[in-house]
Each structure stands twice: as structure tokens, then as C-alpha cells.
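Step one of this worksheet: look at the structure below.
Bear in mind these aren't lab numbers, they're just calculated from the coordinates by the rules spelled out. These numbers come from a predicted model, not from an experiment. Cβ placement follows ideal geometry from the backbone for every residue including glycine, while neighbour counts extend to all protein chains displayed.
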Ligand SMILES: Cc1ncc(COP(=O)(O)O)c(C=O)c1O
């Protein structure tokens, strides 16, 4: 392998290398070979990076605050292979649907580490969760408070719950992913008095055991101060509830939302920075208020899978509009990654079979779907691209695959896991037959 100092490579998985032909290697496997074997679009996950991030979260939090449980937010991307890895790494799981719950069940994930979230869980989903004896239901609203209590009563069980609070803190991220402000569909607002009423109702419910509070401010949150502000508000509320209702906070979750570096011009706190900010604020405020230290539940999604994933595409049409823009069109787009269209998300890219060549051209990488908004990366410097070249987009592990769709009846990509020079598929490419398999005529 040659030493390649291209700064973009730092965004790729931790095992990334370049050989002397200029081929990008991930997990010891040549990306050009991967494309030959599995086709494109192809999502590649690096097992080493995935496991390293799990361990980094666990180490950074537990060395500061031993009573921490890291639960992976499945919505960032879950399938059975990943669920097995998280199980092996000893993480818990945050699920938001019967589907995510079933994946966890299918690999024997321990239910006592599963938290069930969501603002409109269905009765069937709640029954599934209660039957499986999940660790906590994170109750989001009054309707659900009543529903969970009734279902637990019918099943003659007492269910442990957390209440999701809306602390009214702006995390300064995209409005589509801002969740902790007052005008949000999620949670019990603190400032309106509804959180107070929810505590009273939960404590008097016959079949619920209220253990604590959860909040999730949004995602990705590029600063640590919103977490600190919200922890302060949540603990002061817990103190108020202790005096008013004899409520004892046993568990607190500041949610997830930890940012990752998608582009070279962005800066994000490290996992250690987030851990330090959250834990120091939790300890200092609990001390000030004379509250016992609660169990801390941390819910990273993106920060665990983001960097581990790389999207590989094949370049096809190249359209040059003199003095305006050069488009390189690839065989994927908003069907496998809606984030640029949905959230104005930005990415970097490189030509995976020409990493050593000078990046002398500026291009816009467009998808193959029938929408002008189907642009993956705008104005990125690349080595000269020809049809057939492989375009690699780093930090593609989170919220691409789980939001994938079949727009234009395009099958969803294959996914492979790489490790120590070996590759194995963790999801096969969809076929045209798959696309029609649910149709009835
Ligand atoms: C309740 C909850 N927890 C955790 C997360 C994970 O966020 P991220 O993937 O940014 O860490 C989300 C994301 O929306 C969420 O809604």
C-alpha cells in the first residue's frame, strides 16, 4: 500500500488504504474488486470501524460515569448482521417500530437492553414490546401513557417506563431533525406544565413504573452546550417532582444526535468531548441539587455507523455545460440516499479507482432518478472522471439505507461487510422480481 495524503481519506473508515495503482481499499479489500463482484450501487461497511465506535462510546462514557448504558439507535441503520454485532459488543438497542424490534428479536437480542421509542406506537407494536418484556417503553404522550397502562393491566404485568420530555432547547441543526423545541410532535413539554401532569399520571397508573426521563434534542448536534442546558432543565424538573410528588429519578437519557464529520470544512466535537460535557454537567447539577446520580442512557446512532459506511457508484453519463457546470451521473441517488435532497446534507467524494491522480476537475455528482433535486454532491474536486469509473462517497453509513426507496422502480443496493481482507454480503441486491413480489393482480 502506498502512503496517500489525500485529506478526504480521513473521512473514510479507519481501515482505509490506497494501493500503488491508486485503488481504494476498505477493510483490506480492494473497492474495485468489490464492485466487480457485487455491482453498484454498493454500500460497504467496515466491521473494524463499527466495533471501534461501539467501544469508544462505551469507554469514553463509562470511564467518566460507570453507570452508563450505550444503546444504539437502530433508525440510523439496522439489519440482522448489525444487530448481531451490537449484541456482541454489549450495547443496548433503541427501537422505534415493530420492524426494528423484530430484527432485534430474530438475533436473540437481550430484551432487557431494549428501549422502545416513538411518538405514535401502534397498539400491536406495544403488545409485541410488552410481550417480549422490553426493558423500557419511552412514553411520548398522554394517549400512550393510558394505552400502555391498559395493555400492561390486561397482561397483568408492571412495565418500566421513561417519560420523553420536551425541554424547549434548540440544538441548532436542520429544522427537519429538530425535536426538543416546544413546537415539536415529540414528548411532554416542560414549560407548559404537561410534563408535571404526566409524572402525576404515570405515578398513579396501576401497571406502570416510572423510572426516569428521556429527551432527544435533534440530530446531528454539532455543539455540546444544548445537551448541558437540557440536562440542567431535566434535573431541575426532577428535583421539583421530588419535592412535589416524591418522585425519585433513577434513570436519565439525553438521547443521541452526536455529529460526525461529513466534509473536510466541518468541525464536530469528538465522542470524548460529548461524554465530558454530558457527564460533567450531570454530576455537577445532581450535586448542586442533592439528587442521587441516575443511571445514564446514551443513544448514539449516526456516530456509530456513519463513518463505517461507504457508498460506491459507477459513473455513466458525463454532461458538460460550458462555463456553467459539469455533471457526473451515477447509478444511484435519492433512491439510496435522500439526505442531500431532504436535509441539504453535504458529502465529499473521490474516484475509487484513481485515488492517486490529481483532483483537477470540479464536478457535481448527480443521481439517476427523474428529479432535478437528485444531486448527491455539489461542486466537488475529483480526479478526471470517465464513464465506468467508481465514485466513492464516505460517511454513508447512517440514514441512507434505512431511508432508501424504490422510486422509479429501481432496486435497492446490495450491502457488504468487510473485515481483514474478506467481504461478505449482509444484504443482497433487490431484483426486479423483488419489486413485484408484493403486487397482486
Ligand atoms: C430518540 C432518539 N434517540 C436517538 C437518536 C439517534 O440520533 P443520532 O443517529 O443522530 O445519534 C434519534 C434520532 O432521531 C432519536 O430520535
Which order, highest average first, do 183-193, 61-71 follow once you tally other Cβ atoms within 10 Å for each residue and take the mean per peptide?
61-71, 183-193
Only Cα pairs within less than 10 Å get springs; with that Gaussian network setup on the chain, which residue of 378, 339, 175 has the largest fluctuation?
175
Would you look at the GNM of the chain, springs on alpha carbons closer than 10 Å, and say which of 76, 311, 152 moves the most?
152
Note down the relative contact order for the chain as a percent, whole number, built from C-alpha pairs under 8 angstrom at least six residues apart.
20 percent
Can you give me the C-alpha center-to-center distance between segment 293-325 and segment 374-422, rounded to a whole angstrom?
8 Å
Where the Cα pairs of segment 226-338 fall when distances are cut into 10 Å bins, in %
11, 29, 21, 15, 12, 8, 3, 0
Step by step: find N for the chain, compute 2.2 N^0.38 Å, then divide the Cα radius of gyration by it. What's the final number?
1.03
Segment 48-304 - convex hull of the alpha-carbon atoms, volume per residue in Å³
115 Å³
State the three equivalent ellipsoid semi-axes of segment 1-76, derived from the C-alpha gyration tensor as the square roots of 5 times its eigenvalues, in descending order and whole Å.
31, 16, 9
CD proxy, 222 nm, the chain: helix-only mean residue ellipticity via -39,500 (n - 2.57) per DSSP H run with n ≥ 4, per residue, nearest 500, stands at -9000 deg cm²/dmol
Mean separation of Cα contacts under 8 Å (at least 6 apart) over the residue count of segment 349-441, i.e. the relative contact order in percent, is 23 percent
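Counting only DSSP beta bridges with both residues in the chain, what percent are antiparallel, rounded to the nearest 5?
45 percent
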Divide, for segment 42-136, the radius of gyration over alpha carbons by 2.2 N^0.38 Å, where N is the residue count.
1.10
Per-peptide average of other Cβ atoms within 10 Å, ordering 26-36, 124-134 highest first
26-36, 124-134
Segment 62-127 versus segment 227-289: alpha-carbon centroid distance in Å
21 Å
Antiparallel DSSP beta bridges within segment 48-304, percent to nearest 5:
5 percent
At R0 = 60 Å the Cβ-Cβ FRET efficiency linking residue 88 and residue 323, nearest 0.05, sits at 0.65
Return the distance in nm (one decimal) between the two label points of a simple spin-label model at residue 5 and residue 63, each offset 7 Å from Cα along Cα→Cβ.
3.0 nm
With no solvent term and unit scatterers on the alpha-carbon positions of segment 290-441, Debye gives log₁₀ I(q)/I(0) at q = 0.12, 0.17, 0.18 Å⁻¹ of -0.58, -1.04, -1.15
Would you look at the GNM of the chain, springs on alpha carbons closer than 10 Å, and say which of 372, 280, 396 moves the most?
372
What is the distance in Å between the Cα centres of segment 178-219 and segment 151-168?
11 Å
Taking only C-alpha pairs under 8 Å that are 6+ residues apart, what is the relative contact order of segment 286-441 in percent?
25 percent
